[in-house]
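Here the structure is laid out as structure tokens; the discussion comes afterwards.
Derivation of every value follows stated rules applied to the coordinates shown; laboratory data play no part. In this text the structure is predicted, and so the values were computed from the model without any measurement. Every residue, glycine among them, receives a Cβ derived from its backbone with ideal geometry; neighbour counts consider all protein chains shown.
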Amino acid sequence: MVTAVVFPGRSFGQGPPSRAPRAGDPPAQTRSSAADDERERAFVDALRGQDPAAAENYVRLRDARSEAIAKLKEAEAQYAAAGVELRPVVLPRLKHARARYAESSLALLDFFDARDQRALANYQSEIGRINVALEERKRARAEFEKLLRGE
């Protein structure tokens, strides 16, 4: 039985999990705690404050993935309950549910990747500006030190 992988508790500003879940990974825990729900709400609220369109897109992708997880669980239960004779009849539904789950998970990962790439570009731009300011102060410092030495 395949258990849906939930992206671990994320706080605003964090990227996706350190690596994407792989097909052979052991089943992950599903989100169930109030703390996880609160973290999720805080993430969406913070994202709304930053980029309302991105927040709505995230919610849409998250909800599509949740629906895909529910349909996958239904298909798995139906497959498990089917006898050997009926499994070939149920298998296409299970395969379709797995594909939808994978597609929705990839879409969510794509969202996080794009968001993190934008954040990375912004950080790199800021680092460039800070480096310019440091260089300017370094030159000014050298000039003031020359003045102190009487040069």
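Okay, here's what the table says:
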item	result
Matching residues, segment 62-96, being under 24 Å from Phe111 (Cα atoms) and among the acidic types (Asp, Glu)	Asp63, Glu67
Any chance Asn131 is within 23 Å of Leu47 (Cβ to Cβ), among the polar types (S, T, N, Q) and free of Cβ contacts under 8 Å to residues at least 60 places away in the same chain	no
Long-range neighbours under 7 Å by Cβ, at least six apart or interchain, first residue touching a residue at least 60 places away in the same chain (Cβ under 8 Å) and within 19 Å of Ser66 (Cα to Cα) within segment 102-119, second among the aliphatic types (A, V, I, L, M) and in a helix (DSSP H, G or I)	Leu108/Leu61
Restricting segment 50-60 to residues that are free of Cβ contacts under 8 Å to residues at least 12 places away in the same chain and small (Gly, Ala, Ser), the residue that is surrounded by the fewest Cβ atoms within 10 Å (Cβ to Cβ)	Ala53
Matching residues in segment 61-97 - criterion: being out of contact with any Leu (no Cβ under 6 Å at 6 or more places or on another chain), surrounded by 13 or more Cβ atoms within 10 Å (Cβ to Cβ) and basic (Lys, Arg)	Arg62, Lys71, Lys73, Arg87, Arg93
